[in-house]
Amino acid sequence: MSKLIIVSNRTPSKTPAAGGLAVALKKTLSARDGFWFGWSGNFSEQPSRSAKFETIDGLRVGSVDLTRADHKAYYAGFSNSILWPAFHLRLDLTDIQSHWYEGYRRVNAQFADALVEHIEPDDIIWVHDYHLIPLAAELRRRNIRNRIGFYLHIPFPTPDALHAIPHREELLDDLVKYDLVGFQAHRDVAAFNEFLAHEEMFLEAGGKPVTVELGDTQIDAFPIGSDPDAFAALAKSPNAQKMYKRVASAMNSRALVLGVDRLDYSKGLPQRIAAYEKLLENNATLRRTVHMLQIAPPSRDTIKEYQQISDELDSAVGRVIGRFAEPDWTPLTYVRRAYAQASLAGLYRLARVGLVTPLRDGMNLVAHEYVASQDPEDPGVLVLSRFAGAAEIFHDALLINPFDTDETAEAMRQALVMPLDERKRRWRNLMDAAMVHNVDDWAESFLQALASDSGTGSDLGST
Ligand code: ADQ
């Protein structure tokens, strides 16, 4: 039987988040036999070219150590200071240092070296995310002819943003070495097509375009999701209830407005705080009846732009508290730590308003988790950015432009005063969408498309 080989930047940890992506992929893997491969999380003096294998939660996991210098160039450098900001259309936040690209390629080549001897002819290889765009090309160079699929968890950029990326031509060439490229949203498939059309027009106008030979590569949207049943159950679990009760009693009947994000500039946190400030400014009567909780643990904090967004958020939070707090009421709590999924599920369930307002986001799983955690008899309202992939499926959220402070504040107000009937109706539709787009079906449909020569979905010819 053919194995499934999952490759991602990091291998899954021993204590995975319940209901997270790692759990879903582990489930997919355990049903098929195979292994997960990635960076071990450890450093070595010399790059290791042979994989070490271990068993984590019953799964085979292979990994290599990286040198510190390569890891810096590949991860904090090319992946997260160039690709991440450019793909999220934040060209102002790119930090382009030319030597990073060599480190990025070196790590991809190292992954390929360590993988080749473990690949058998019928195995299917599924590569995840922007850190590993060149991996298929590196494997092809080592005579691997297997089906190889790539899934991009973040948005695909516009043509201009793509042109801001050094070595874009080679990267696009690498991308089409995959048999299947999966994006989060139709928006991303459209952006990819737009790039091709853009280059075509450039050629017609006598320019020298970036040429992409698509060949047999299938391109399609596979929107990721959560495990809504598991999250609904988790939201009623003892640990979730503990958190629910603890915070509910502190809220003292006030409505909880909740944001849960990794601290990242793509998540629109200062804009969200400004919109909440506007809500309080415009609606004096609401002031003592609400409380906002923003949970945002730092991530990638060796990168300067992440330190900056952290400072910006500190100052936005301080401003709103200083402006509106009273001795016996504070408008906002900001917590900088990660919580277990059960605790988050309890908080989601308690929150009257769930704020998912990224400036740009591949999908955003917090939106899915918030919906799945609601009490069907008294559900909260999702305020969702139009620029999250999730907006393509959650039509019954209150959709906003996160750059429009007035619109976001008004959506928060509407959510707070929304009658129960409407909340229930909207939530039912949101939950139906979350069930249709569950993470198990996501993995299955991607793998089915990858296994079949023609792909199951629409290819470029039909999208
Ligand atoms: P992320 O940018 O990390 O993922 P997201 O989809 O929101 O964003 O996933 C976050 C996950 O981390 C969720 O499962 C959430 O529960 C968890 N999380 C967030 N804050 C937490 C906290 N304080 N404590 C504990 N857990 C927390 C990238 C893309 C997304 C895409 C995913 C999956 O940027 O657009 O949806 O991959 O494809």
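Take each of the peptides 343-351, 32-40, average the number of other beta-carbon atoms within 10 Å over its residues, and list them starting from the highest. If you can, show how the numbers build up before the last one.
Details: 343-351: 25.4, 32-40: 19.8.
Put in order of decreasing packing, that is 343-351, 32-40.
Hey, what's the Cα Rg ratio for the stretch 200-250 versus the globular rule of thumb, 2.2 N^0.38 Å? Before the final figure, lay out each step's value.
Working: Rg = 25.5 Å, N = 51, 2.2 N^0.38 = 9.8 Å.
Ratio of Rg to 2.2 N^0.38 Å for the stretch 200-250: 2.60.
I need the peptides 43-55, 258-270, 440-452, 80-92 ranked by packing, meaning the mean over residues of other C-beta atoms within 10 angstrom, with the highest value on top. Please list the in-between numbers first.
Values: 43-55: 12.8, 258-270: 22.5, 440-452: 17.5, 80-92: 19.9.
Order by mean packing, descending: 258-270, 80-92, 440-452, 43-55.
Taking N as the number of residues in the stretch 325-463, what is its Cα Rg relative to 2.2 N^0.38 Å?
On the way: Rg = 17.6 Å, N = 139, 2.2 N^0.38 = 14.3 Å.
Output field value: 1.23.
Name the residues of the stretch 196-214 whose amide N is less than 20 Å from a point 7 angstrom out from the Cα of Glu170 along the C-beta direction?
Only 209-214 fall inside the zone, counting backbone N under 20 Å.
For the stretch 80-234, just list the percent of Cα-Cα distances falling in each 5 Å bin from zero outward, please.
For the stretch 80-234, the binned pair fractions read 2, 8, 16, 20, 19, 16, 10, 5, 3, 1, 0, 0 percent.
Evaluate the charge dipole of the stretch 301-429 about its Cα centre and quote only its size in Debye, nearest 20, assuming +1 on the Cβ of each Lys and Arg and -1 on the Cβ of each Asp and Glu.
For the stretch 301-429, the charge dipole is close to 220 debye.
Starting from the eigenvalues of the Cα gyration tensor, five times each then square-rooted, give me the equivalent ellipsoid semi-axes of the stretch 10-112, largest first, whole Å.
For the stretch 10-112, the semi-axes come out at 28, 19, 10 Å.
Mind scanning Lys267/Lys424; Lys245/Lys278; Lys242/Lys278; Lys245/Lys424; Lys278/Lys424 and naming the pairs with a C-alpha gap bigger than 25 Å?
Numbers: Lys267/Lys424 27 Å; Lys245/Lys278 29 Å; Lys242/Lys278 32 Å; Lys245/Lys424 22 Å; Lys278/Lys424 27 Å.
From Lys267/Lys424; Lys245/Lys278; Lys242/Lys278; Lys245/Lys424; Lys278/Lys424, over 25 Å: Lys267/Lys424; Lys245/Lys278; Lys242/Lys278; Lys278/Lys424.
Under unit Cβ charges (Lys, Arg +1; Asp, Glu -1), what dipole magnitude, rounded to 20 debye, does the stretch 83-182 have relative to its Cα centre? The partial results should precede the final answer.
Numbers: 10 positive and 16 negative charges, 18 e Å.
Approximately 80 debye in magnitude.
Principal axes first, then extents: for the Cα atoms of the stretch 61-135, list largest minus smallest coordinate on each axis, whole Å, largest first.
44, 25, 19
In a shell of Cβ-Cβ distance under 13 Å around Met435, excluding Met435 itself, what net charge do Lys and Arg (+1) and Asp and Glu (-1) give?
On the way: positive: Arg428; negative: Asp227, Asp229, Asp432, Asp440, Asp441.
Combined, the nearby Lys, Arg, Asp and Glu give -4.
Tell me, what is the percent relative contact order of the chain, built from C-alpha pairs under 8 Å that lie six or more residues apart? List each step's numbers first, then the result.
Working: 888 pairs, mean separation 69.1, N = 463.
Relative contact order of the chain: 15 percent.
So what's the Cα pair-distance distribution over the chain, bin width 10 Å, in %?
In whole percents, the pair-distance histogram is 4, 20, 29, 26, 15, 5, 1.
Please report the Cα spread of the stretch 161-267 along all three principal axes, rounded to whole Å, starting with the longest.
Largest first, the stretch 161-267 extends 68, 27, 20 Å along its Cα principal axes.
Calculate the FRET efficiency for Glu312 and Ala284 from the Cβ-Cβ distance with a Förster distance of 30 Å, rounded to the nearest 0.05.
0.65
How much length is gained on full extension from Arg145 to Arg319, taking 0.36 nm per residue of separation minus their Cα-Cα distance? Write down the numbers at each step before the final one.
Details: separation 174, 0.36 × 174 = 62.64 nm, distance 5.74 nm.
Difference between extended and current length: 56.9 nm.
Let me know the whole percent of all Cα-Cα pairs from the stretch 167-218 that are separated by more than 14 Å.
57
Could you name the aspartates and glutamates in cross-link range of Lys52, using Cα to Cα under 18 Å and dropping any fewer than eight places away on the same chain?
Asp33, Asp65, Asp113, Glu117, Glu120
Counting Lys and Arg as +1 and Asp and Glu as -1, each charge on the Cβ, what is the dipole of the chain about the Cα centre in debye, to the nearest 20?
Numbers: 50 positive and 62 negative charges, 371 e Å.
Charge dipole, the chain, about its Cα centre: 1780 debye, nearest 20.
Can you compute the FRET efficiency between Val417 and Arg10 using 1/(1 + (r/R0)^6), with r the Cβ-Cβ distance and R0 = 60 Å? Round to the nearest 0.05. The partial results should precede the final answer.
Values: r = 43 Å, r/R0 = 0.72.
Approximately 0.90, to the nearest 0.05.
Within the stretch 294-309, what residues put their amide N at less than 19 Å from the label point 7 Å along the Cα-to-Cβ vector of Val335?
Answer for this model: 294-299.
Compare the Cα positions of Phe192, Ile154, Pro419 along the charge dipole of the chain (+1 at Cβ of Lys, Arg; -1 at Cβ of Asp, Glu; about the Cα centre) and return the one farthest towards the positive end.
Going by the charge dipole, the pick is Pro419.
Determine the equivalent ellipsoid of the stretch 354-425 by diagonalising the alpha-carbon gyration tensor, then write out the semi-axes as square roots of 5 times the eigenvalues, largest first, rounded to whole Å. Numbers along the way, then the final one.
Working: eigenvalues 73, 47, 14 Å².
Sorted largest first and rounded, they come to 19, 15, 8 Å.
Along its principal axes, what span do the Cα atoms of the stretch 38-89 show, with the longest given first and each in whole Å?
Largest to smallest, the principal-axis extents are 40, 27, 13 Å.
Just want the answer: with Cβ charges of +1 for Lys and Arg and -1 for Asp and Glu, which residue in Ala351, Ala275, Thr330 is farthest toward the dipole's positive end in the chain?
Most positive-ward Cα: Thr330.
Projected onto the charge dipole of the chain (+1 at Lys/Arg Cβ, -1 at Asp/Glu Cβ, origin at the Cα centre), which of Ala164, Ile321, Tyr265 gives the Cα projection farthest towards the positive end?
Ranked along the dipole, the leading option is Ile321.
Place the peptides 414-421, 125-132, 5-12 in order of packing, highest mean first, counting for every residue the other Cβ atoms within 10 Å and averaging per peptide. Numbers along the way, then the final one.
Working: 414-421: 13.4, 125-132: 23.0, 5-12: 21.4.
Output ranking for 414-421, 125-132, 5-12: 125-132, 5-12, 414-421.
How much of the DSSP bridge set in the stretch 297-426 is antiparallel, in percent, rounded to the nearest 5? Please report the intermediate quantities before stating the final value.
On the way: 1 of 9 bridges.
Counting only bridges with both partners in the stretch 297-426, antiparallel ones make up about 10 percent.
If the chain between Asn429 and Asp57 were fully stretched, how many nm would it gain, using 0.36 nm times the residue separation less the Cα-Cα distance?
On the way: separation 372, 0.36 × 372 = 133.92 nm, distance 3.54 nm.
Between Asn429 and Asp57, full extension yields 130.4 nm more.
Relative to the present Cα-Cα distance, how much length would full extension add between His99 and Glu213 at 0.36 nm per residue of separation?
Details: separation 114, 0.36 × 114 = 41.04 nm, distance 2.70 nm.
So the chain would gain 38.3 nm between His99 and Glu213.
No value in this document is a laboratory result; all are computed from the given coordinates. For clarity, every value in this text was computed on a predicted model and none was experimentally measured. When we count neighbours, we look across all protein chains shown, and the Cβ atoms used for this are built from the backbone with ideal geometry, even at glycine.
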